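One structure is given below, encoded as structure tokens.
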Amino acid sequence: MSLRLYDTGTRSIRAFEPLEEGRVGMYVCGATPQASPHIGHLRSGVIYDVLLRWLRASGYEVTFARNVTDIDDKIIAVAAERGVPWFAVAEGNQRVFTQGYDVLGCLPPTIEPRATGHVPEMIVLMRRLIDKGHAYAAGGDVYFDVKSWADEYGALSNQRLENMRSTGDTPDGDCKRDFRDFALWKGAKPGEPSWETPWGEGRPGWHLECSAMATKYLGSAFDIHGGGVDLIFPHHENEIAQSRAAGDDFARYWLHNGLLTVDGEKMSKSVGNVVLLPDLLGRARPVEVRYYLASAHYRSLMDYTDTALAEAVSAYQRIEGFATRAAEVVGAGCPALDLPAAFIAALDDDLGVPQALAVLHETVREGNSALASGDDTAVRERLAAVRAMAGVLGLDPLSDQWNQTGGDELRPVVDALVAVALEQRQAARARKDYDAADVIRDRLSEAGILVEDTPHGARWELKRD
């Protein structure tokens, strides 16, 4: 079975057939950095990272574009409230987004275009729409004429034009021909940033930005457009309308990830339940947070609770525990070249990560049984398979990515000192001086080092909170 993906545009699961054999163009709506990212934003980052990894593991060369909306009403409002430049708000928060993606092991996009760097492309797109009769300038703004695209407008979100409300994207709707028309360009206002266009100074509308950037880097037609379900309307609906009205085929598959709630409620500053990455990193390591955010199906609504995170931590540590013990017996080796068929089938079935993790955990159980029976050949095979599957998901416990010391130059010294202490403990046990051996173990425990005796000798790890 080849890759199949749920396409919001057709509301069905479709076989994935790229425009060009062996190549994929993928665009994902990234940050509007008016504030630091919460875990809902980071869940989206992890989800599309898994998709990117799976496409590449399936043999595709992927051009992955993830934009930054670095000019927006909310950014301007935050800047005014703080008394700082708008670009300082956008840049500062975008750096936090990037750090969050990096901490959670997300691969960097091929290109990360910023809206403010693509005004010329937006001007060209607006001119094309005006020339074709699908847009008009009014009162310093430029609007898309929804009625000119009435036969297709609303198809993505499964809405009828007569049931739609005003977009509310400009304070003065009197300039619009129809209250449902949406702004491609917003006329300049005192104190706000602006750029020169043939229709006057102003700044881009949200929807125009993505159409201009996506087609610049991926072409007039490309394979996958992704984002959260909250973007289906109006953002993605408007992207489709303006792009296709201008003559571009645009995206062929529309993927949308489910949102993340907290204890059953939508995250909100007013409620006080916004969960940021540092909140989770106080309870779990980055790789464990990644496991948690990736573990539910990407289209599902995910509800964060401390219990759910703790369960994910335990699940990941079962994978890590087997990999660590197995590597001590047979060496770390290399990931398998061939992934298990059931794992492939799971990810090919609309990126079924929960089912793929079930295959991974079953292999871990088999590996633990092989360790217990002393079957080194089976241990080596299961370890290679576990590393291969976990690697596709960005979770390989033995990869350099998750075994870095975070710049701690003292780690080699700690390794050496613990090794000496364990040698002394083993010597005490050999001479049956168990009291001395227990003292060494207790002292290590007081220092935050857990010691486990195995058939292959003592192993240690740092305590986790």
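The values are calculated or read from the model by the stated rules, or taken from the named source; none is laboratory data. None of the values given here were measured: they were computed from a predicted structure. Here the Cβ positions follow ideal geometry from the backbone for every residue, glycine too, while neighbour counts run over all protein chains shown.
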Taking the conditions exactly as written (in the same structural domain as Glu239 (by TED's automatic domain parsing), polar (S, T, N, Q) and under 24 Å from Lys186 (Cα atoms)), does Thr98 satisfy them or not? no
Does Gly59 fit the bill of being in a loop (DSSP other than H, G, I, E, B) and free of Cβ contacts under 8 Å to residues at least 60 places away in the same chain? yes
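Of the residues Tyr316, Tyr217, which is under 22 Å from the mean Cα position of the chain (by Cα), buried (at least 16 other Cβ atoms within 10 Å of the Cβ) and not assigned by TED's automatic domain parsing to the domain that holds Gly394?
Numbers: Tyr316 fails: not assigned by TED's automatic domain parsing to the domain that holds Gly394.
That would be Tyr217, the only listed residue that is under 22 Å from the mean Cα position of the chain (by Cα), buried (at least 16 other Cβ atoms within 10 Å of the Cβ) and not assigned by TED's automatic domain parsing to the domain that holds Gly394.
Is it the case that segment 361-370 has a residue that's hydroxyl-bearing (Ser, Thr, Tyr), closer than 30 Å to Ala15 by Cα, outside the structural domain of Leu42 (by TED's automatic domain parsing) and not in a loop (DSSP other than H, G, I, E, B)? Before you say what the answer is, go through the steps one by one.
Residues of segment 361-370 hydroxyl-bearing (Ser, Thr, Tyr): 363, 369.
Now drop any that are not closer than 30 Å to Ala15 by Cα, which leaves 363.
With outside the structural domain of Leu42 (by TED's automatic domain parsing) added as a condition, the list becomes 363.
Keeping just the survivors that are not in a loop (DSSP other than H, G, I, E, B) gives 363.
There is at least one residue in segment 361-370 that is hydroxyl-bearing (Ser, Thr, Tyr), closer than 30 Å to Ala15 by Cα, outside the structural domain of Leu42 (by TED's automatic domain parsing) and not in a loop (DSSP other than H, G, I, E, B).
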Residues of segment 1-25 being surrounded by 15 or more Cβ atoms within 10 Å (Cβ to Cβ) and either not in a strand (DSSP E or B) or not charged (D, E, K, R) (or both), which ones? Leu3, Leu5, Tyr6, Thr8, Gly9, Phe16, Pro18, Val24, Gly25
Of everything in segment 46-64 that's under 25 Å from Pro204 (Cβ atoms) and surrounded by 24 or more Cβ atoms within 10 Å (Cβ to Cβ), which residue is nearest to the chain's Cα centre (by Cα)? Tyr48
If you take the residues of segment 110-124 that are of a type outside the set (Val, Ile, Thr) and surrounded by fewer than 22 Cβ atoms within 10 Å (Cβ to Cβ), which of them is farthest from the chain's Cα centre (by Cα)? Pro120
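Hey, among Tyr291, Tyr304, Tyr253, Tyr298, which residue is closer than 30 Å to Ile130 by Cα and either touching a residue at least 40 places away in the same chain (Cβ under 8 Å) or not aliphatic (A, V, I, L, M) (or both)?
Within the list Tyr291, Tyr304, Tyr253, Tyr298, the selection yields Tyr253.
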